[in-house]
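Q: Dumping the structure here so I can ask a few things about it.
The values are calculated or read from the model by the stated rules, or taken from the named source; none is laboratory data. It should be emphasised that the depicted structure is a prediction, and the values quoted were computed from it without experimental measurement. As a convention, Cβ positions derive from the backbone with ideal geometry for all residues, glycine included, and neighbour counts pool all protein chains shown. Accessible surface areas use protein heavy atoms only, side chains included; no ligands, DNA or RNA. Shrake-Rupley method; radii C 1.70, N 1.55, O 1.52, S 1.80 Å.
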Amino acid sequence: LARLLGNCSRRWREEEEEEEEEADQTPFWVKEAVGEGQTQAEKQTQDAISLSPGFELATSLKDDGNAYFAKGQVDEAIQIWVKALDALHTPPEEGDASTLVVAAGSTDAGPTESTAVVAEGLREGEASGGSSGSAALADASLGSDGSGGGNSPTASKIASQSAAAVVLAAAVAARQGNGNPADALNGLLQAAAAAASAGGGREKAEDARVVELRATLFSNLALGYMKQRQWRQALGFCAEALHDQPEHQKALYRKAECLGELGSWTEAVEALVKLEGLGEDGKRLAVQKKEAWKKKSKVEDNKQTKMWAAALAKQAPEVSVEAEASDTKATAAVASDAKAAAKPKPVVLPAWVPPKLAPTCVFDLRRKGIEWEEKSDFDDKVWRDGLGRSPVTMYYRSAMPLSLVAAISLVDLDLESQLTVHCLLDGNSAPFAEPHDWGIMLQRLPQLKSLMIVYIDLGIVDKKSPKGAQMPYGTLLRPVEEAKVGERMAHSSRFLGTYKEFREHTRELPRIVQPGLALWADAPLFGSSDDELATRVEALSMLAGSDVPVVITQESEIPEHGGAPGGPWLSDSARQSLAVLELGMGAKVVQGWYWNRFVIPLDQTERGILAAHAVLGVIRPKGAKATGATAKSVKKALRDHSVEASSVARIVGLGPPTAGDVQALKLQWAAFCENLRRSGRPVGPDLPEEEKKRQMLEFQEFCRAFPAGRPPMM
């Protein structure tokens, strides 16, 4: 018991430091506690209590991101830092060692539970015959060698009790005794001091190392977006870092720089003033930024001065030395100028560059009024690691509703309680193998009282409705109930035809014809012909006239977890669709384009996975350019900016693996296992989880080094 309460003994000795020590009068167990101090095992236990299970992984990912950033690969660095943030807040799995350790530090155990555990320890001591009940209690808690790792089944129970359980243990020892009541009483007093210092179950604050790492990651993300000149996004990450550490010098410095670039000079100066008050380093950084602003302001002033001087010089009357030249020369000069003016130089517009796409971070998706299912919606085992490995049915049912909720969250849209959504798609290529679960929207958006989804198929079909057609052309089908949550319901209806035909067909149905939101679901905007381009531009023009926000999704390639490095990759059809929106329609995206988290794995490709809904953004097309756009004007705008003005082929996946692929993969696995056996490594299904993950990564490298087949997608 004395060894169990060694920490309490040490605290008592610290209060007696002013008194003269007498070695021969000090009990041996107090000497041991003072001399040795806290053991390494105890320090590791305290670290495990305070640190989250993903701290080590997050630290490693942060360093990897720093390395990519140093090489100039900013996009890759941002993606890795975002993954580090997700890893830092990964909740412990059930049965995880860290969960047991946290339980060991709890002070909420009741007296009944504590009594039962202590009694069990005493019974073990009596059964052993070699020690008293109190000795058995100490052995069960610390191990027979004092290392804290006893193998008794009671050990883990005792380790999880509060200081109150320790006091009760000492009381029982005092009653039973082991021939020395003074020792038992001394242990009781020490345990009482430990219970008093426990503070009655105070809530433990978040570990400072976790807070510091999180603030550093937010500050790094701010720097990455500053490199891309995305000042508002960078400013948001600075605010996140300062929320954790209000005196984070780098975050304050970067916040001031972002505010300066955005023209918010008052707030920028306030940030620098706060930075100056954080010591010599902060003062130096603030002075450095002020000097940079002065130089930049001086350069801008010089540019303005030169610009106005040049403009005034052109307007001033020119005094020519040859003012008295002959009329013939003057006439010839005028004729020459007129001839030159008659042949203006062609204007060459710069080539269009696709916009940068930002990864969707779970922190960006959390908004007031949206109730995400954290365990399923933000589970990387489903939406990252499981792509291509888990059954695809769930992705077909959930990806589109979740993508719509994600878009609403990213741009913070205000929705009506009775919402109608026009879902425009191409039935010839739409990834709709399973019905969608629209109950997801009702659950995530509790403000919705009713939801109406109208599928509008713009794909080219034969208007005569050939045999076997599932729905007639130009007819709105009767709405059907899709989901119900309490008293709130979601319905859906379908229409086959152009958007203009749909509006004319439903003009007397105001609940149907006027949407509160539109979803352009993966349909290529150019299509496969000029007729399809005209149909889709017409639909967007009509939506622009209604001033309706439009959620855009497009398919593209994303990396496979554990596969080849790199990615994601924007497909040619998605790139052309973004060009049509920006150049042809003049539509500006709200809050930028994103790589969507909620995708449907369609097929394997040479680089990764072909995924539906991979690109996500929200536009609000308006103005004369959007409402008056035609197929001809769109094609001209594309050609002027060096963009392909004809239909492009979609990505063709590898398709299902052949029997030969499966057989080759089995042979590869057999050869890989044989290499492991030769090197003395274990193989088989009963491996520890860490060894399994390690071998899977090594097998991926083995397959790339000796390609002979490919793993099948489920």
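Q: Given the condition among the aromatic types (Phe, Trp, Tyr) and either in contact with a Leu (Cβ under 6 Å, 6 or more places away or on another chain) or at pLDDT 90 or above (or both), answer yes or no: does some residue in the range 355-365 qualify? Show your work before the answer.
A: Going through the range 355-365, the residues among the aromatic types (Phe, Trp, Tyr) turn out to be 363.
Okay, now just the ones that are also either in contact with a Leu (Cβ under 6 Å, 6 or more places away or on another chain) or at pLDDT 90 or above (or both), so none.
No: zero hits.
Q: Go through (1) of a type outside the set (Val, Ile, Thr); (2) at pLDDT 90 or above; (3) more than 21 Å from Ala579 (Cα to Cα) for Pro431 and report which single condition fails.
A: Going through the list (1) of a type outside the set (Val, Ile, Thr); (2) at pLDDT 90 or above; (3) more than 21 Å from Ala579 (Cα to Cα), Pro431 breaks only (2).
Q: Of all residues in the range 362-373, which are within 16 Å of Leu445 (Cβ to Cβ) and not in a loop (DSSP other than H, G, I, E, B)? Don't jump to the end; show me each part of the working.
A: Looking only at the range 362-373, we keep the residues that are within 16 Å of Leu445 (Cβ to Cβ), and these are 365-373.
Result: Leu365, single match.
Q: Same structure, new question: I'd like the residue in the range 439-458 that is surrounded by 17 or more Cβ atoms within 10 Å (Cβ to Cβ) and over 15 Å from Ala518 (Cα atoms) and, out of all such residues, is nearest to the chain's Cα centre (by Cα). Please lay out each step first, then the result.
A: Of the residues in the range 439-458, the ones surrounded by 17 or more Cβ atoms within 10 Å (Cβ to Cβ) are 439-445, 448, 451-458.
Still in the list and also over 15 Å from Ala518 (Cα atoms): 439-440, 442-445, 448.
On the way: Gly439: 24, Ile440: 20, Leu442: 23, Gln443: 21, Arg444: 18, Leu445: 20, Leu448: 26 Å.
Only one residue fits best here, namely Arg444.
Yes or no, residue by residue, for (1) assigned to a helix (DSSP H, G or I); (2) open to solvent by less than 10 Å² (accessible area, probe 1.4 Å); (3) at pLDDT below 90; (4) at positive phi:
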site: Asp462; (1), (2), (3), (4): no, no, yes, no
site: Met471; (1), (2), (3), (4): no, no, yes, no
site: Leu477; (1), (2), (3), (4): no, no, no, no
site: Ala483; (1), (2), (3), (4): no, no, no, no
site: Ser493; (1), (2), (3), (4): no, yes, no, no
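Q: Please state which one of Arg503, Arg507, Arg488, Arg511 is surrounded by fewer than 21 Cβ atoms within 10 Å (Cβ to Cβ) and touching a residue at least 60 places away in the same chain (Cβ under 8 Å).
A: Arg511
Q: Another one. Among the candidates Val411, Val405, single out the residue that is at pLDDT 90 or above, closer than 28 Å to Ala234 by Cβ and out of contact with any helix residue (DSSP H, G or I) (no Cβ under 7 Å at 6 or more places or on another chain). Give the derivation first.
A: Numbers: Val405 fails: out of contact with any helix residue (DSSP H, G or I) (no Cβ under 7 Å at 6 or more places or on another chain).
So the residue among Val411, Val405 that is at pLDDT 90 or above, closer than 28 Å to Ala234 by Cβ and out of contact with any helix residue (DSSP H, G or I) (no Cβ under 7 Å at 6 or more places or on another chain) is Val411.
Q: Residue by residue through the range 500-529, note down the ones that are part of a helix (DSSP H, G or I) and either within 21 Å of Ala624 (Cα to Cα) or touching a Lys or Arg at 6+ places or on another chain (Cβ under 8 Å) (or both). Full working, then the answer.
A: Start the filter on the range 500-529 by keeping residues that are part of a helix (DSSP H, G or I), which leaves 500-505, 510-513.
Hits for the range 500-529 are Lys500, Arg503, Val513.
Q: Inspect the range 530-545 for any residue being within 27 Å of the chain's Cα centre (by Cα) and at pLDDT 90 or above and give the result as yes or no.
A: No, the range 530-545 contains no residue that is within 27 Å of the chain's Cα centre (by Cα) and at pLDDT 90 or above.
Q: Here's another thing I want to ask about it. Arg397 versus (1) touching a His at 6+ places or on another chain (Cβ under 7 Å); (2) in a loop (DSSP other than H, G, I, E, B); (3) open to solvent by 70 Å² or more (accessible area, probe 1.4 Å): which is the lone unmet condition?
A: The one condition Arg397 does not meet is (2).
Q: Based on this model, can you work out whether Gln695 counts as modelled with pLDDT of 70 or more and closer than 28 Å to Ala611 by Cβ?
A: Values: modelled with pLDDT of 70 or more: yes; closer than 28 Å to Ala611 by Cβ: yes.
Against the criterion (modelled with pLDDT of 70 or more and closer than 28 Å to Ala611 by Cβ), Gln695 qualifies.
Q: Which of the residues spanning the range 256-273 are touching a residue at least 24 places away in the same chain (Cβ under 8 Å) and either part of a helix (DSSP H, G or I) or touching an Asp or Glu at 6+ places or on another chain (Cβ under 8 Å) (or both)? Before you say what the answer is, go through the steps one by one.
A: Of the range 256-273, the ones touching a residue at least 24 places away in the same chain (Cβ under 8 Å) are 256-262.
Within the range 256-273, Ala256, Glu257, Cys258, Leu259, Gly260, Glu261 meet the criteria.
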